[in-house]
Amino acid sequence: MAEPEPGQFTIGVFQDVPWTERGLDALKTQGFANQALSLIAGDTPDNRALVERRFGVAPIHLVLPRLGAVVATGALVGALDGTSRDLTRIGLAAALKRVGFQPHDGQIYETLTGKGGVLVAVQSEPRAADALALLHSFGGGNAAIGAWTGRL
């Protein structure tokens, strides 16, 4: 699996399933395809149903350090797992460095997801600013573009 390009993902964390649904609706309305969207959230019945309903697939089930059991779907999962297949060993916060996020950003996303938030990522290089604006507008907390790789 090829390593992702810096800035390829824009991420925000929604507080719950209803806010996530509004955010996903807005992204879809603005032309972001389901294939461009990813989700990571605690393994709960509501989150499992959200993945099945919105993405039309069964979620991937993972156990991550500091988060425990999560459900996930989308290209972000493969990008975070990398060629060494170690997302379940290094955890979400550390793996987010692979897609251009600083360690403190990874810790924020991991903490928010651990508190029941739903992480949504958009594979959005050509439209990263659009994705960022939509995530912010519809409740995607701490939304940011992963573009720092190689800049420090």
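The values are calculated or read from the model by the stated rules, or taken from the named source; none is laboratory data. What you see is a predicted model; the values in this text were computed from it and never measured. FYI the Cβ positions are ideal-geometry reconstructions off the backbone, even for glycines, and counts take in every protein chain you see.
Tabulated values for the structure
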| quantity | calculated |
| --- | --- |
| Inter-residue pairs, beta-carbon under 8 Å, first of a type in the set (D, E, K, R) and in the range 42-58, second crowded, with 16+ Cβ neighbours inside 10 Å and in a helix (DSSP H, G or I), 6+ apart | ASP46/VAL17; ARG54/GLU21; ARG54/LEU24 |
| Filtered residues of the range 68-89 (kept if farther than 20 Å from GLY114 by Cβ and outside any helix (DSSP H, G or I)) | GLY82, THR83, SER84, ARG85 |
| Among (1) under 17 Å from PHE138 (Cα atoms); (2) in contact (Cβ under 8 Å) with a residue 12 or more places away in the chain; (3) not small (Gly, Ala, Ser) - the single one ILE108 does not satisfy | (1) |
| For VAL118: the one exception among (1) surrounded by fewer than 18 Cβ atoms within 10 Å (Cβ to Cβ); (2) at pLDDT 95 or above; (3) under 20 Å from ASN34 (Cβ atoms) | (1) |
| Test: residue in the range 71-82 that is closer than 15 Å to ALA144 by Cα and in contact (Cβ under 8 Å) with a residue 24 or more places away in the chain | yes |
| Those residues of the range 88-115 which are within 20 Å of THR44 (Cα to Cα) and either surrounded by 22 or more Cβ atoms within 10 Å (Cβ to Cβ) or within 12 Å of the chain's Cα centre (by Cα) (or both), in sequence order | LEU92, TYR109, GLU110, LEU112, THR113 |
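So that you can scan it fast, the table gives a plain yes or no per residue for (1) among the charged types (D, E, K, R); (2) more than 13 Å from the chain's Cα centre (by Cα); (3) loosely packed, with under 15 Cβ neighbours inside 10 Å:
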{"site": "GLN8", "(1), (2), (3)": "no, no, no"}
{"site": "SER38", "(1), (2), (3)": "no, no, no"}
{"site": "ARG53", "(1), (2), (3)": "yes, yes, yes"}
{"site": "LEU64", "(1), (2), (3)": "no, yes, no"}
